[in-house]
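Only one structure is covered here, and it is reproduced in the block below.
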Amino acid sequence: MRRLALFLIIPAIMLLTSAALAQEDSTSGTATCNFDANKQLVAEYKLVNINPKKPLFGREIPSGKVWAPGGKPITLFTNTPVEIGGKQLAIGAYTMYVIPAPKQWMLIVSRSTDTSGTYDETMDLVRVPMESGELPALESQFRLTFVHPAPDQCSLRMDVATVGNWAIFQQK
């Protein structure tokens with residue numbers, strides 16, 4: 001009888017766990033940039049919905065303050081050395097934050113791998129001013145993507161509302 005109960009309980013726990021993970025994944029996004037078949041950057045982030053009827057900066061996105069989208073920092077994984085803002089990043093994991101502002105956003109790459117959302121300025125590796133431009137269509141959700149402007153470059157794009165921001169990672 002005991003074995004029968006375990007036989008039924010274990011699959012039920014596995015089913016509930018996978019359902020919980022699937023729910024969590026629906027609020028997360030992943031962006032990947034492949035330099036080649038074995039070398040890549042991967043960024044994981046929280047999806048943030050934006051109300052286009054409200055001002056962009058305010059409750060949802062702070063202006064001039066460190067922001068972790070969705071309350072969690074963006075995690076960056078690289079299996080090849082890259083450079084951003086004149087700073088070389090070794091193979092490994094990092095967290096990223098942004099300082100949004102109406103004219104220019106700042107990307108912060110941190111050596112911290114703490115994904116709790118707690119920001120520690122002493123862990124900053126580099127702060128990079130991001131390029132900015134107007135999007136052709138409204139984005140109602142904070143989106144993060146990578147684009148290849150050149151074979152050895154990955155442009156990290158952060159699009160929200162009518163603003164696109166980007167910074168270049170150079171493969172070393």
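The values are calculated or read from the model by the stated rules, or taken from the named source; none is laboratory data. Quick caveat, the model's predicted, so the values are computed rather than measured. Every residue, glycine as well, gets a Cβ built from its backbone with ideal geometry; the counts of neighbours run over all protein chains shown.
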If residue 161 meets every condition in (1) buried (at least 17 other Cβ atoms within 10 Å of the Cβ); (2) more than 15 Å from the chain's Cα centre (by Cα); (3) under 29 Å from residue 39 (Cα atoms) apart from one, which number is that one? (3)
Residue selected from the range 54-83 under the condition part of a loop (DSSP other than H, G, I, E, B) and among the β-branched types (Val, Ile, Thr), by the criterion nearest to residue 168 (Cα to Cα): 80
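Does at least one position in the range 60-73 carry a residue that is of a type outside the set (D, E, K, R), under 26 Å from residue 121 (Cβ atoms) and modelled with pLDDT under 90?
yes
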If you go through the range 74-94, how many residues are touching a Lys or Arg at 6+ places or on another chain (Cβ under 7 Å) and among the β-branched types (Val, Ile, Thr)? 2
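Results for (1) under 21 Å from residue 46 (Cα atoms); (2) of a type in the set (Val, Ile, Thr); (3) touching a Leu at 6+ places or on another chain (Cβ under 9 Å), shown as yes or no for each residue.
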position	(1), (2), (3)
74	yes, yes, yes
78	yes, yes, yes
90	no, no, no
103	no, no, no
107	yes, no, yes
112	yes, no, no
119	yes, no, no
Residue hits (the range 139-157; closer than 14 Å to residue 50 by Cβ and either among the polar types (S, T, N, Q) or at pLDDT 95 or above (or both)) are 140, 141, 144
Among the residues of the range 10-29, are any at pLDDT 90 or above and either touching a strand residue (DSSP E or B) at 6+ places or on another chain (Cβ under 7 Å) or under 24 Å from residue 120 (Cα atoms) (or both)? yes
Could we say that residue 109 is over 15 Å from the mean Cα position of the chain (by Cα), surrounded by 14 or more Cβ atoms within 10 Å (Cβ to Cβ) and β-branched (Val, Ile, Thr) here? no
